[in-house]
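For reference, the structure is listed below as structure tokens.
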Amino acid sequence: MEKVPMTAGGYARLQDELRVLKTIERPAIIQAIAEARTHGDLSENAEYHAAREKQSFIEGRIAELEDKTSRAQIIDVSKLDGEVVKFGATVTLADEETEEESTYQIVGELEADVASGLLSVTSPLARAIIGKSVGDQVEVATPRGARDYEIVAVAFR
């Protein structure tokens, strides 16, 4: 069974989502299905079909979260240090073309959210910078073509 790396904060967020799905969402959708059944013929009952579809989504998400959290390898980023980019590092990059700086923390796949600065360890950018140090330059293939970045800072918080 393959371990799933994640930060302690990411693990806590997944546990919270799982708790909400099991204690709030699942009972609510069961109630909605029961109510929709009282409206008559199920073959033409759009409310019933929508509730069943939502139930299917919720059950799938619960199964996914239970699987991932059971295989979680929680990495405490506060105990890491060094100058080399690795899982959990907060990295500041400078785009060599625009001189624009961006800061990302390298996290597990399930906790990734680029808009919040959380970059998946499996993303092309993260794979390109892992193992590099401050001052190193990397080239990353993107849908808009190759981009060059310089690593400006590496921190573990």
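Miscellaneous remarks
- Distance from segment 78-107 to segment 1-67 (C-alpha centre basis), Å: 35 Å
- Surrounding net charge for VAL134, when Lys and Arg each add one and Asp and Glu each subtract one, Cβ distance under 14 Å: -3
- Relative to the longest principal axis of the Cα atoms of the chain, the long axis of helix 8-20 lies at roughly 10 degrees.
- log₁₀ of I(q)/I(0) at q = 0.18 Å⁻¹ - segment 77-155, Debye sum with one point per alpha carbon: -0.67
- Over segment 4-75, volume per residue of the alpha carbon convex hull, in Å³: 68 Å³
- Each of HIS49, ALA12, ALA34 was placed along the dipole of segment 4-75 (beta-carbon charges, centred on the mean Cα), and the one lying farthest toward the positive end is ALA12.
- Correct choice for Cα extents along the principal axes in Å that was computed from the model, options (1) 68, 36, 26; (2) 51, 30, 20; (3) 46, 38, 22: (1)
Every number here is computed from the coordinates shown, using simple stated rules; none is lab data. In this text, all values refer to a predicted model and were calculated from it rather than measured experimentally. In this analysis, Cβ positions are derived from the backbone assuming ideal geometry, glycine residues included, and neighbour counts consider all displayed protein chains.
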